[in-house]
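Remarks on the structure that follows.
Read the figures in this text as sums done on the coordinates, not as results from a lab. Keep in mind that this is a model prediction, so the values were computed, not measured. Cβ: placed from backbone, ideal geometry, glycine included. Neighbour counts: every protein chain shown.
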């Protein structure tokens with residue numbers, strides 16, 4: 001019986017010792033640690049143009065309405081496919097009933113279908129847009145940053161952010177009189193990449209587009225920022 005009690009006491013002591021060592025290790029882990037933040041930024045050109053066109057009509061016969069919308073859209077798609085620099089995407093298509101004044105009886109149907117055009121070749125897309133406005137209407141014209149441009153800018157900003165963080169870490173170490181530092185953790189965050197930047201519908205006269213040059217567009221730039229947030233441990237002599 002006494003042996004069991006002594007063994008239990010030894011186990012209790014061992015557990016207590018381990019807990020103390022863990023607490024000491026935790027305290028040591030955070031010893032001389034400093035949280036730092038560094039930011040870098042650059043202006044990135046919005047180099048992708050996005051134009052959304054649509055056709056809309058109404059008819060008492062929903063089948064005829066759908067056929068007319070499909071014909072108009074297919075004609076525009078065939079014309080747009082001739083321009084190799086432009087990527088085509090069909091947007092939303094929906095129809096809904098039209099009711100009488102008492103809102104009880106369906107008197108007809110209205111349908112709308114969208115066509116989305118994307119390109120880095122602004123003159124080509126502007127010219128095509130003007131031509132398609134003979135049969136379609138414009139919902140909006142947007143500008144954004146292409147995926148390849150985004151990746152390149154992120155790679156460049158990452159290198160700059162690391163350099164900025166290391167410079168700040170060294171500055172903090174020198175201010176504390178440390179002989180060096182080590183990075184405990186480091187996280188990166190990027191912001192500023194825009195959603196498509198809407199400029200609104202271009203007020204073009206479709207009949208004039210054959211004789212007039214394609215309109216000039218100015219997409220502008222976006223300020224993109226990358227932050228480096230991390231913790232360093234300063235080695236104090």
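Observations on the model:
- The residue 67 and residue 47 beta-carbon pair, evaluated with R₀ = 41 Å, returns a calculated FRET efficiency of approximately 0.60.
- Space enclosed by the convex hull of the alpha-carbon atoms of the stretch 75-122, per residue, Å³: 89
- Order of 135, 107 under a 10 Å beta carbon neighbour criterion, fewest first: 107, 135
- Taking 4 °C and 1.567 mPa s as conditions, the stretch 44-174 diffuses translationally at an estimated 72 µm²/s according to Stokes-Einstein applied to its Kirkwood radius (Cα pairs).
- Footprinting exposure proxy for 68, 142, 100 (fewest neighbouring C-beta atoms within 10 Å first): 100, 68, 142
- Here r is the Cβ-Cβ distance between residue 89 and residue 154 and R0 is 22 Å; the resulting FRET efficiency, rounded to 0.05, is 0.35.
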